[in-house]
Amino acid sequence: MSIFSKIITAVRGGATEAGQAIVDTQSIRILDQELRDSKAALKDAKTNLTTIMAEQMALDRKVKDLNTKIKEHEGYAIQAMDKNDDDLALDVANKIADFEHELTIQQGILDGYDSKITGLKKMIRQTERNIQAMDREISVVKTTEKVQKANELAAAKFSGSNSALNKATDSLERIKERQQKREDQSAAAVELETEEGEGDLQARLKKAGIVDSASSASSVLDRLKKQKGKG
C-alpha cells in the first residue's frame, strides 16, 4: 500500500471515529427521538386499526343483512311454488342466487378482515411491549449518565490539593479553632472572676477577725518562743 493510500485510510478512519464520537455523545437524544417516532407510528397504527375495525363492523352488518334477505326470499319462493307460480318462483330464485353470490364475496372479505385485524392487534401489543421496554432502558441510561456526570464533577472538584473539598475542610478547621479560642477565653474569664471573688471574700473574713491576717514579725517571735518552751 502506498503512503498516499495509507494517508487516505487514516483520514477515513479518523472521520469514522469522529462520527462515532458525535453519535455517542448524542446517543440519548437519538434514542429519545427514535422512541418518539416509534410512539407516533404506534399511535397511527392504532388509528388505522380502528378504521379497519369500523369497516369490518359495517361489512359484518352487510353479511347479516344478505343472510336475512336470502331467508326472506326463500320464503317468497316457497310461497310462489305453493301457488304453482313457477315463473315467480324462478324470479325469486334468481334473486336469491344474486344474494348468495354477493354473500360469498362479502363473507370472503369479512374473513380476510378478521385475520388481518387479529394480526394487527398482535403486532400492536408486541410493539407496545417493545416501546415500554425501551422506555425503561432509556430511563436507566439517563439516570446512569447523570450519576456518572455527578461522579466526574465530584472527582474534578474534590480531588487535588486545591480542590473545593480541601478548601472547605481548611475553612472548617479555622472555624473550629476560632470557636475553641472563644470558648477558652470565656472559661478564662469565668476562672478569673471566681478567683477575684474568692480573694475579696478572704479579705472580708480577715477584716472581721474570723481568719488570721498576714503574719507579722511579733507573731513569728511569739510562735518561736512557744516552740522553744515546749522543747
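Quick notes on this structure:
- Potential lengthening between Ile105 and Met123 on full extension [0.36 nm per residue; Cα-Cα distance subtracted]: 3.8 nm
- At 1.567 mPa s and 4 °C, Stokes diffusion of region 34-151 via Kirkwood alpha-carbon radius, µm² per second: 69 µm²/s
- Long pairs among Lys146/Lys176; Lys64/Lys121; Lys39/Lys116; Lys39/Lys146; Lys64/Lys122, criterion Cα-Cα beyond 30 Å: Lys146/Lys176
- Label-point gap, in nm, between Ala58 and Lys43 - each point 7 angstrom along Cα→Cβ: 2.5 nm
- Here's the picture: charge each Lys and Arg Cβ at +1 and each Asp and Glu Cβ at -1 in region 34-151, and of Leu59, Phe99, Met81 the one pushed furthest to the positive end of that dipole is Leu59.
- Against the rule of thumb 2.2 N^0.38 Å, how large the Cα Rg of region 70-138 comes out: 2.21
FYI, it's all coordinate maths here, none of it is from the lab. Predicted, not measured: the structure shown is a model, and the values here were computed from it. Positions of Cβ are generated from backbone atoms using ideal geometry, with glycine treated the same way; all protein chains shown enter the neighbour counts.
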